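Below: the structure, in structure tokens.
The values are calculated or read from the model by the stated rules, or taken from the named source; none is laboratory data. Because the structure is predicted, anything quoted here is derived from the model rather than measured. All Cβ positions, even for glycine, are placed from backbone atoms using ideal geometry, and neighbour counts span all protein chains on display.
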Amino acid sequence: MLANSFRLRGIRFAFLFGPPRFVKRDEASKIHSAVCDKTHLDDFSFKYSTIEPEERLASKGFSIVFERKEGRGTVSARIDNKNIQEPVRILLEHTWPPTSEHVMEYFDSISQSVYDSLEGNWTKILAEVRLRAQCNTHSNDGLAFLREKVLGLPAECISALGEPLTFCSVKLEVGATQPTSEDQIKGAKRELLIEPLREDQTCVYLELVSQWPQLAPVQTNQSGPIVIENIRRIDSNPSTYIEEALSFFNEQVERLAGISRE
């Protein structure tokens with residue numbers, strides 16, 4: 001794999017926060033105006049919908065979507081929740097971003113506009129970054145790279161399945177751990193997906209999901225009450241989480257490029 005061919009295809013960021021509540025159309029319009037003012041752009045489309053009619057507030061389901069075309073890609077923001085039992089979500093996405101710096105500036109501005117516009121005190125319980133990218137391979141054969149370099153399976157193990165092999169995929173997952181009091185970004189949950197790019201199998205498609213939960217899962221050998229110092233503070237801007245995820249992603253790409261040279 002060629003690390004210098006690394007190209008971001010998409011960046012997604014999400015906060016989950018509470019307490020959940022219903023957001024009416026007039027408040028949604030206020031958020032849209034704030035986003036346009038903060039980004040100095042007035043061409044964000046606006047769509048508001050409810051799961052049930054607004055009179056039936058017990059359902060609490062709503063969805064707000066802002067979107068605009070930018071070059072080859074799209075910038076979008078969604079604020080929603082399905083019902084009163086679930087946290088509110090803000091989901092930001094930029095497909096085919098020109099630079100990561102450009103995206104981080106967007107996401108920080110939009111996120112700040114949303115929280116400035118929503119009334120009440122909010123507690124963020126999860127931050128998530130999803131990065132999608134592609135890389136070229138030395139042999140111009142993404143399938144061969146996965147089969148021979150990443151999996152390293154004997155040829156007879158694969159041929160026993162039948163011929164020809166047309167696709168394979170590798171997914172690795174590492175669970176979240178507790179942060180330290182000095183570093184609230186430490187200990188993210190990671191999911192790394194590696195597979196040939198379906199529309200161009202000379203390339204490899206990579207997707208990294210990084211999650212920072214407020215509470216890391218309790219290990220099986222642990223017992224007793226939750227220690228307050230172990231509760232993660234999710235109080236940084238989206239750019240902080242995106243920068244960390246990009247740094248981790250680049251490290252993994254360099255490692256994968258290294259095995260392809262062996």
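Points worth noting:
- Pair list, Cβ < 8 Å and 6+ apart or interchain, from the range 233-251 residues that are in the same structural domain as Q211 (by TED's automatic domain parsing) and more than 12 Å from A188 (Cβ to Cβ) to residues that are surrounded by fewer than 19 Cβ atoms within 10 Å (Cβ to Cβ) and basic (K, R): none
- Matching residues in the range 134-179 - criterion: being free of Cβ contacts under 8 Å to residues at least 60 places away in the same chain and within 23 Å of A245 (Cβ to Cβ): L146, S169, V170, K171, L172, E173, V174, G175, A176, T177, Q178, P179
- With a requirement of 3 or more residues that are closer than 30 Å to L206 by Cβ, the strands (runs of 3 or more DSSP E) lying completely within the range 1-101 that satisfy it span 7-18, 62-70, 73-81, 88-95.
- Among the residues making up the range 147-169, a single one is surrounded by 13 or more Cβ atoms within 10 Å (Cβ to Cβ) and within 30 Å of P213 (Cβ to Cβ): V150.
- Hey, E54 at pLDDT 90 or above, surrounded by fewer than 17 Cβ atoms within 10 Å (Cβ to Cβ) and of a type in the set (D, E) or not: no
- Sub-8 Å Cβ pairs linking a first residue in the range 92-119 that is of a type in the set (D, E, K, R) to a second residue that is in a loop (DSSP other than H, G, I, E, B), at least 6 apart or interchain, are D108/N237, ordered by first then second residue.
- Scanning the range 112-131 for residues that are surrounded by fewer than 20 Cβ atoms within 10 Å (Cβ to Cβ) and under 30 Å from D200 (Cβ atoms) gives a single hit, R130.
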